[in-house]
Amino acid sequence: SLFSSNTPTLPYSSWYVPGNGSPAISTSDYYLMAGMGWSRPYDLDAMGSDGATIKAANGGNRYVWVMMADHSGGWPGSIDMVAGFSNDPQVWPEPTTVRTIHALNNIINVTDQVGQTQNSILAYQTPHLVYNPDSAGDKFYIYAEGQSLSSSRQHELMLLTTSDFMTTTFLGPAIPTTNFGGWSSYGKPERLGVNNWEVYAFGKTDAAAVNLVHYKYTSTDGLAWTEDYATL
């Protein structure tokens, strides 16, 4: 158990008993987060010289973890996107390596790729990291689910970028929906090669799907996506 300071480890039934020595009662509590979703390690050694720079700047740790709460809650600071580092993909980051890289209340207004005005946009869960060596700017792309609070759009695949895992630039919807019931989120984009990206996202942007399944979208840059609608 990560959460017990006693030996042997505490049974679950004893986690809430005062004085038993457990500093946290769940993984999310260990990191002071209001839940967790899609948290995983990413190998900086597979990210060229850019990954090597991040690794060297963070104690030589080979893996970066991008973590965010499952949806949001009322505990300030517990719902933001964070990054942490470890040197083993089976060992979670020490809390001292974890830092906020995007505050959930960092909302923006944009005109999206299909010309819609979207106001009060936020990204709130399911982060997924992709290294993009073709980018002229930030090389690390983080996708997440988000919505527009005032423009009747939800379940959109959002995009943030970073160069250092200290701060991020929030670009807004990577795949804008065109209907309140549309979906483009829950996708894990993959860069297959130069100018060749794909993602299987959950649903269609116009809400035309009768049943929500994963549909294919393609891209040349990881930002602008074209509907293919082949299903997974």
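The values are calculated or read from the model by the stated rules, or taken from the named source; none is laboratory data. Owing to the predicted nature of the structure, the values given are computational and were not obtained by experimental measurement. Here the Cβ positions follow ideal geometry from the backbone for every residue, glycine too, while neighbour counts run over all protein chains shown. Ligands, DNA and RNA are excluded from the accessible area calculation, which covers all protein heavy atoms including side chains. Shrake-Rupley method; radii C 1.70, N 1.55, O 1.52, S 1.80 Å.
Take P189 and decide whether it is farther than 26 Å from Y63 by Cα, surrounded by 15 or more Cβ atoms within 10 Å (Cβ to Cβ) and at pLDDT 95 or above. No, not satisfied.
Just one of the listed residues (A52, A69, A24, A56) is closer than 29 Å to P173 by Cβ and either hydrophobic (A, V, I, L, M, F, W, C) or at pLDDT 90 or above (or both), and it is A69. Against the numbered list (1) open to solvent by 20 Å² or more (accessible area, probe 1.4 Å); (2) part of a helix (DSSP H, G or I); (3) not aliphatic (A, V, I, L, M), G51 comes up short only at (1).
Say whether the condition of being out of contact with any Pro (no Cβ under 8 Å at 6 or more places or on another chain), among the aromatic types (F, W, Y) and either within 25 Å of V82 (Cα to Cα) or not in a strand (DSSP E or B) (or both) is met by at least one residue in region 121-129.
Yes, some residue in region 121-129 is out of contact with any Pro (no Cβ under 8 Å at 6 or more places or on another chain), among the aromatic types (F, W, Y) and either within 25 Å of V82 (Cα to Cα) or not in a strand (DSSP E or B) (or both).
Of all the criteria given as (1) modelled with pLDDT under 95; (2) within 23 Å of S185 (Cα to Cα); (3) open to solvent by 20 Å² or more (accessible area, probe 1.4 Å), the one not satisfied by L32 is (2).
Criterion applied to E145, E227 was being without any contact (Cβ under 8 Å) to a residue 60 or more places away in the chain, within 21 Å of S39 (Cα to Cα) and assigned to a strand (DSSP E or B), and the one residue passing it is E145. Candidates are the residues of region 111-120 that are open to solvent by less than 50 Å² (accessible area, probe 1.4 Å) and part of a loop (DSSP other than H, G, I, E, B); the one that is nearest to S39 (Cα to Cα) is D112. The set of residues from region 136-169 being closer than 14 Å to N119 by Cβ and either of a type in the set (G, A, S) or open to solvent by 10 Å² or more (accessible area, probe 1.4 Å) (or both) comprises G146, Q147, S148, L149, S150, S151, S152, R153, Q154.
If a residue has to be in contact with a Ser or Thr (Cβ under 7 Å, 6 or more places away or on another chain) and either open to solvent by 60 Å² or more (accessible area, probe 1.4 Å) or outside any strand (DSSP E or B) (or both) to count, how many in region 201-213 make the cut? I'd like the intermediate steps shown before the answer.
Keep residues of region 201-213 that are in contact with a Ser or Thr (Cβ under 7 Å, 6 or more places away or on another chain), which gives 201-203, 205-206, 213.
Next cut, either open to solvent by 60 Å² or more (accessible area, probe 1.4 Å) or outside any strand (DSSP E or B) (or both) only: 203, 205-206, 213.
Residues meeting the conditions: 4.
Total residues in region 164-181 satisfying the condition of being without any contact (Cβ under 8 Å) to a residue 40 or more places away in the chain and closer than 30 Å to A52 by Cβ: the figure is 1.
Pairs are defined by a Cβ separation below 8 Å, a sequence spacing of at least 6 or placement on different chains, a first member in region 128-142 that is among the β-branched types (V, I, T), and a second member that is in a loop (DSSP other than H, G, I, E, B); the pairs so defined are V130/P189; V130/G222; I142/T168. When G181, G222, G187, G137 are screened for being part of a loop (DSSP other than H, G, I, E, B) and out of contact with any strand residue (DSSP E or B) (no Cβ under 8 Å at 6 or more places or on another chain), only G181 passes. Any chance you could count how many residues in region 85-110 are assigned to a strand (DSSP E or B), touching a residue at least 40 places away in the same chain (Cβ under 8 Å) and farther than 21 Å from L159 by Cβ? Qualifying residue count for the region: 1. With respect to A46, determine if the residue is open to solvent by 60 Å² or more (accessible area, probe 1.4 Å) and either more than 24 Å from L159 (Cβ to Cβ) or among the small types (G, A, S) (or both). Yes, satisfied.
Using the structure shown, decide if D70 is charged (D, E, K, R), open to solvent by 30 Å² or more (accessible area, probe 1.4 Å) and in contact (Cβ under 8 Å) with a residue 40 or more places away in the chain. Here the answer is yes, as D70 does meet what is asked.
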